[in-house]
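Written out below as structure tokens is the structure these notes cover.
The values are calculated or read from the model by the stated rules, or taken from the named source; none is laboratory data. It should be emphasised that the depicted structure is a prediction, and the values quoted were computed from it without experimental measurement. Note that each Cβ is placed from the backbone with ideal geometry, even for glycine, and that neighbours are counted across all protein chains shown.
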Amino acid sequence: MHFPFTSGKWQLKLGVQSLDLKDWIQIDSHFQSEIDLKEQLTLSHPSEVFGSLPQSLESQREILSLLIEHLLTYFPQIYHAQGNLIQNSLINKTWQIDDFATNPLALAGRLVQEDFLILQPVDSQYCLTAASVCFPLHWKIAEKLGHPLAMIHQPVPQYQQKLSHSVDNLFTRLSAENPVWRLNWSLVDTPDLFLAKGIKKEGNLPTITSENAGDRLWLRFERQSMRRLPKTGNIVFGVHTYIEPLKILANSPEAAQGLVSAVQQMPFEMQVYKSILPVRDALIAYLENL
Ligand code: HEM
């Protein structure tokens, strides 16, 4: 695994790379448990894991059809389509495509581990118009729906000064032929994937020490992909979330050292935003003793 902090630098930057479309979707060993979890969350928290505005419907349809085509092409042993049915033989589950006529993006988000969001221009600003997100990191769809990227990122320190312009530029110039991806990392005190806002962010943090940090903290990575939809011209943002216990860094001394220096360089307000401040000393002491 490549850890994004291995370089030891902390920088708020776009950091996008070009995406080979065959790598748009990734299936890993957590596939079954995460698809099951998505099914459960859809029943227990329907309005928290899906939201859409009417103008997104055509793009939702386009994403679902691109996704099904992609899955049948790149994972033909796993996915099978027949008429109105799409089947996943790995977990022995079949979905009726017609059941999702009003919310095709919800089916897209249940077929794979990725979450999906749609961004489309409103008054020349890219706004969130639909989201199928089962694995949010302390935010709520309802609070972001209909808003432009700058407002969505309002809680992120220095976003306006350092990122807003380049993210807006990227979205304007993104072409259907040249999709991109980037990696985001965070540190969390739970392996739970569904972290809706409201779940107390810092509940367990004070009890984390340099002795137990390896078992009580997790690295959370978001592999984010961005591609322009060829027909509707809007953008689909895909997010595959990965969780690893911090102790995984015991096998990667260079990455452990990189994390120490990235945290040491991180501005104070970013340490607060990312809930690193309360565990900073325990974290650094743990990593330096590895
Ligand atoms: C290249 C594009 C993007 C960049 C560089 C970017 C950057 C960031 C960064 C640095 C954070 C802080 C997260 C952390 O480090 O802990 C963040 C948070 C977030 N981003 Fe993005 N982002 C991008 C695109 C998007 C898109 C397309 C969406 C779609 C809605 C989005 C939604 C969010 C949300 C909801 C948060 C959490 C905000 C909160 O705390 O309320 N981002 N983003």
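Taking each residue of region 10-22 that is part of a loop (DSSP other than H, G, I, E, B) and looking for partners that are modelled with pLDDT of 95 or more and more than 11 Å from the ligand (Cβ to nearest atom) with beta-carbon atoms closer than 6 Å, six or more apart or interchain, yields Trp10/Ala262; Trp10/Gln265; Leu19/Pro179. Within region 26-47, the presence of a residue that is under 17 Å from the mean Cα position of the chain (by Cα) and within 16 Å of the ligand (Cβ to nearest atom) is excluded. Restricting attention to region 230-257 and to residues that are farther than 26 Å from Ile276 by Cβ and surrounded by fewer than 18 Cβ atoms within 10 Å (Cβ to Cβ), the residue that is nearest to the ligand (Cβ to nearest atom) turns out to be Gly233. Residue count for region 24-56 under the criterion of being in contact (Cβ under 8 Å) with a residue 60 or more places away in the chain and either more than 23 Å from Pro76 (Cβ to Cβ) or not in a loop (DSSP other than H, G, I, E, B) (or both): the result is 18. A count restricted to region 258-290 and to residues that are under 11 Å from Ala213 (Cα atoms) and surrounded by 17 or more Cβ atoms within 10 Å (Cβ to Cβ) stands at 6. Quick one: in region 137-153, of everything that is within 7 Å of the ligand (Cβ to nearest atom) and part of a loop (DSSP other than H, G, I, E, B), which residue is modelled with the highest pLDDT? In this case the residue turns out to be His153.
The residues in region 241-281 that are more than 24 Å from Trp181 (Cα to Cα), hydrophobic (A, V, I, L, M, F, W, C) and not in a helix (DSSP H, G or I) can be counted, and the count is 1. Restricting Ser166, Ser175, Ser210, Ser186 to those that are in a helix (DSSP H, G or I) and among the small types (Gly, Ala, Ser) reduces the list to Ser166.
Just to check your reading of the model, which residue among Ile86, Ile68, Ile118 is assigned to a strand (DSSP E or B), buried (at least 16 other Cβ atoms within 10 Å of the Cβ) and more than 19 Å from the chain's Cα centre (by Cα)? Write out each step before concluding.
Numbers: Ile68 fails: assigned to a strand (DSSP E or B); Ile118 fails: more than 19 Å from the chain's Cα centre (by Cα).
When all the criteria are applied, what remains is Ile86.
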